[in-house]
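The structure appears right after this line, and notes come after that.
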Amino acid sequence: MLYRDCIEKLLQLEDVIVTNIECSGRQMHIHLRMQQRLHHCPKCGAVTSKVHDYRTQLVRDVSISGYDTILH
């Protein structure tokens, strides 16, 4: 969608995909994900797209249009 590209430019983030935007009260939650990349296995050195674990990190020091914005 067009507004998702605008959010990426507004936040000055590259190579992210906006998956969801939720507003509740004075908070805005923007859910992002990174594009999947190929990695080298540390054990055998083979190229793979599999990753052992993904973590969700929260970034809270962003304010957009008076909303306390949290990036997921």
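Kindly evaluate residue 24 against the criterion of being exposed (fewer than 11 other Cβ atoms within 10 Å of the Cβ) and modelled with pLDDT of 85 or more. Against the criterion (exposed (fewer than 11 other Cβ atoms within 10 Å of the Cβ) and modelled with pLDDT of 85 or more), residue 24 qualifies. Based on what the data block shows, is residue 62 in contact with a helix residue (DSSP H, G or I) (Cβ under 6 Å, 6 or more places away or on another chain) and either at pLDDT 80 or above or part of a strand (DSSP E or B) (or both)? Judged against the criteria, residue 62 is not a match. Here's a check for you: in the range 37-62, which residue that is open to solvent by 90 Å² or more (accessible area, probe 1.4 Å) and hydroxyl-bearing (Ser, Thr, Tyr) is farthest from the chain's Cα centre (by Cα)? Among them, the one singled out is 54.
A Cβ distance below 8 Å, combined with a sequence gap of six or more or placement on separate chains, defines the contacts here; from the range 16-37, residues that are within 10 Å of residue 70 (Cα to Cα) reach residues that are of a type in the set (S, T, N, Q) in the pairs 27/69; 28/69; 29/20; 29/69; 30/20; 30/69; 31/19; 31/20.
The values are calculated or read from the model by the stated rules, or taken from the named source; none is laboratory data. Predicted model only: the values in this text are computed from it and were never measured. A quick note on method: Cβ atoms are made from the backbone with ideal geometry, for glycine too, and the neighbour counts reach across all protein chains shown. Please note that ligands, DNA and RNA were not included when accessible areas were found on the heavy atoms of the full protein model with its side chains. Shrake-Rupley method; radii C 1.70, N 1.55, O 1.52, S 1.80 Å.
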